[in-house]
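Here the structure is laid out as structure tokens; the discussion comes afterwards.
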Amino acid sequence: MTPGVIPPMSKEHELHLASIMEAFIKDFSKKYRKGQQEHGGALWLRPCWSDAISEVLDLVSYVYTHKVQLAVIADLALKGAEDSSVAAADSRAACVKILQVLQGMPGYEDKK
């Protein structure tokens with residue numbers, strides 16, 4: 001493949017993109033409408049810099065809390081993936097898949 005050339009999108013890629021866009025539009029519309037109801041008025045006429053800073057600070061709290069939550073999930077999945085009993089084969093395989101999904105997540109490397 002030539003460097004810089006993006007391979008064509010497969011049907012699976014298109015379906016994945018469509019599902020993300022659909023979820024985003026639904027979630028964003030709900031959040032926007034709720035914000036207009038709570039804060040009233042026209043957002044485009046409000047100074048929103050302080051609101052933006054506040055939202056960024058909230059986001060940092062959420063992201064770091066989620067990082068801890070993912071570490072707990074990784075701990076549980078690692079425990080299950082290491083269970084070598086014959087009866088745990090399906091559970092072990094499920095835990096391995098969970099760990100594969102978590103790869104690249106903050107804190108995952110600590111769980112190896």
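Tell me, which residue of region 14-44 that is at pLDDT 90 or above and aliphatic (A, V, I, L, M) is farthest from CYS95 (Cα to Cα)?
Out of the qualifying residues, it is ILE25.
To keep it simple, each residue is scored yes or no on (1) exposed (fewer than 10 other Cβ atoms within 10 Å of the Cβ); (2) under 28 Å from GLN103 (Cβ atoms); (3) of a type outside the set (S, T, N, Q); (4) touching a Lys or Arg at 6+ places or on another chain (Cβ under 6 Å).
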site: HIS13; (1), (2), (3), (4): no, yes, yes, no
site: LEU17; (1), (2), (3), (4): no, yes, yes, no
site: PHE28; (1), (2), (3), (4): no, no, yes, no
site: GLY35; (1), (2), (3), (4): no, no, yes, no
site: ASP58; (1), (2), (3), (4): no, yes, yes, no
site: HIS66; (1), (2), (3), (4): no, yes, yes, no
site: ALA71; (1), (2), (3), (4): no, yes, yes, no
site: VAL86; (1), (2), (3), (4): yes, yes, yes, no
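Just one of (1) assigned by TED's automatic domain parsing to the domain that holds VAL96; (2) more than 30 Å from VAL101 (Cα to Cα); (3) in contact with a Lys or Arg (Cβ under 8 Å, 6 or more places away or on another chain) trips up HIS39, so point out which.
(1)
If SER84 satisfies every condition in (1) closer than 24 Å to TYR32 by Cα; (2) assigned to a loop (DSSP other than H, G, I, E, B) but one, which is the exception?
Checking SER84 against (1) closer than 24 Å to TYR32 by Cα; (2) assigned to a loop (DSSP other than H, G, I, E, B), the one that fails is (1).
The values are calculated or read from the model by the stated rules, or taken from the named source; none is laboratory data. Quick caveat, the model's predicted, so the values are computed rather than measured. Every residue, glycine among them, receives a Cβ derived from its backbone with ideal geometry; neighbour counts consider all protein chains shown.
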